[in-house]
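The values are calculated or read from the model by the stated rules, or taken from the named source; none is laboratory data. No experiment lies behind these values; they were computed from the predicted model shown. Cβ placement follows ideal geometry from the backbone for every residue including glycine, while neighbour counts extend to all protein chains displayed. In case anyone asks, the SASA skips ligands and DNA or RNA and just uses the protein heavy atoms, side chains included. Shrake-Rupley method; radii C 1.70, N 1.55, O 1.52, S 1.80 Å.
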Amino acid sequence: QVQLVESGGGLVQAGGSLRLSCVASGIVLGLNGMGWYRQAPGKQRELVASVASVDKINYADSVKGRFTISGGNAKNTVYLQMNSLKPEDTAVYYCHVYSRGIWGKGTLVTVSS
């Protein structure tokens, strides 16, 4: 069964950091053809970062310089390191594999001011 599972969310104060994980089963997950998205309460899902390849990672302007994608290792996991978090980063974060059209169920990040 092909599955993506996100974890690592939680409650953090503004300025803090979290590292999200996306673990895949049933497929090989690497730094290609995947992305991280988020959906804040009452808002549409939006792109956080997309990965075409190790050398082609695009970040949303709102997270550039603060968020970093890494992984694609033997653990079949991709990470989203989030630093200098802001209250407006509060959302459910999802990972997505484009070729398979699959999504995880998300992990909630709450940033308090």
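What the table shows:
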quantity	calculated
Mean separation of Cα contacts under 8 Å, 6 or more apart, over the residue count of the chain: relative contact order %	37 percent
Paramagnetic reach from residue 13 in the stretch 90-113 [backbone N under 11 Å; point 7 Å along Cα→Cβ]	112-113
Kirkwood Rh, Cα atoms: Rg over Rh of the stretch 30-78	1.01
Å² per residue, accessible surface of the chain at 1.4 Å	53 Å²
Scattering profile of the stretch 53-96 at q = 0.16, 0.22, 0.23, 0.26 Å⁻¹ [log10 I(q)/I(0), Debye over alpha-carbon scatterers]	-0.49, -0.89, -0.96, -1.14
Extent along principal axes [Cα atoms of the stretch 12-57; Å; largest to smallest]	33, 25, 24
Given charges at beta-carbon only (K, R positive; D, E negative), |dipole| of the chain in Debye	80 debye
Fraction of alpha-carbon pairs over 25 Å apart in the chain - percent	14 percent
HN-Hα J in Hz across the stretch 75-80 - Karplus 6.51, -1.76, 1.60, θ = phi - 60°, x for Gly and Pro	7, 6, 10, 10, 10, 10
FRET efficiency, residue 57 to residue 112 (Cβ-Cβ, R0 35 Å, nearest 0.05)	0.75
Percent accessible area from carbon and sulfur atoms, the stretch 1-109, protein chains only, probe 1.4 Å	49 percent
Reachable lysines, given that their alpha-carbon falls under 24 Å from the alpha-carbon of residue 64 and they are not under 8 places away in the same chain	43, 56, 86
